[in-house]
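For reference, the structure discussed in these notes is given below.
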Amino acid sequence: MHEAYVELKENFIPVQVWSGFCTPEELVEAALEAVEEGQFSDEPPDEVDEELVSTLVQQEFDKKAEAERNWPDETDCDRLTKAFETLTSRGILSAENLGYTMSDAWSDWNELVYDEWKAAGLLAKVRGGCVYHGQDVEGAIAGRELWLAHSACDGFDGVSIAQEICDVLRENGFKPEWNGDVKQRIAVPLKWQRRFGLGADTDPDLYG
């Protein structure tokens, strides 16, 4: 098997499947594109094997489906989504799995604020934000804490915003760890078990 497909099978596909944020069709498309672009090998295969990629993706989804049978009805990820939607309803716009890096996450968050919330006439409702990104998801899948970034909008206190985030997390059964420094993210110990879903809903029409 070409090294590109080995990387797909052992790393890329499992992370995407167990993240719970994509469908098999979306993942096949992303995997094919990654192989074609040579992301996993200096010398990509001469011809992309779409059938093999589809098989590898389906095998991993089948493995996850089997594991889901033993998951609790409500997982930590379900409770996290509820916490994020509660925060958004309180004016701390909280979005899951934004981009892959911290800069990606805040860039996407700003677009969300101005393209959707401002357009809906709800910009004044936003007091702050809370996000995590793709690298954070990878860490959580590997068994580490999920790290939440937070910020306060102009005129609001960053410490108070972070404390409110921690309070809502505790209300949902989590034990967040934060040292009180607004420059430090909030660590959330959890077990990453996400059935398919796009995460917390940030549609301003739901919160207006």
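The values are calculated or read from the model by the stated rules, or taken from the named source; none is laboratory data. Model, not experiment: these values are computed from the prediction. Neighbour counts run over all protein chains shown; Cβ positions are idealised from the backbone, glycine included.
The range 1-96 holds helices (runs of 4 or more DSSP H) entirely within its bounds, and those carrying 2 or more residues that are touching a strand residue (DSSP E or B) at 6+ places or on another chain (Cβ under 6 Å) and over 19 Å from Arg195 (Cα atoms) map to 76-89.
Only one entry in Asp115, Asp62, Asp46, Asp73 is at pLDDT below 95, out of contact with any His (no Cβ under 9 Å at 6 or more places or on another chain) and not small (Gly, Ala, Ser), namely Asp46.
The requirement of being assigned by TED's automatic domain parsing to the domain that holds Ala200 and over 19 Å from Asn97 (Cα atoms) is fulfilled nowhere in the range 136-146; no residue meets it.
Within the range 7-31, residues that are within 20 Å of Asp42 (Cβ to Cβ) and assigned by TED's automatic domain parsing to the domain that holds Glu47 reach partners that are buried (at least 16 other Cβ atoms within 10 Å of the Cβ) and aromatic (Phe, Trp, Tyr) with beta carbons closer than 8 Å, at six or more positions or on different chains, in the pairs Glu7/Phe40; Leu8/Phe40; Phe12/Phe40; Ala31/Phe12.
When you look at Ala120, is it in the same structural domain as Tyr132 (by TED's automatic domain parsing), touching a helix residue (DSSP H, G or I) at 6+ places or on another chain (Cβ under 8 Å), assigned to a loop (DSSP other than H, G, I, E, B) and not aromatic (Phe, Trp, Tyr), yes or no?
On the way: in the same structural domain as Tyr132 (by TED's automatic domain parsing): yes; touching a helix residue (DSSP H, G or I) at 6+ places or on another chain (Cβ under 8 Å): yes; assigned to a loop (DSSP other than H, G, I, E, B): yes; not aromatic (Phe, Trp, Tyr): yes.
Yes; evaluated as a whole, the condition is true for this residue.
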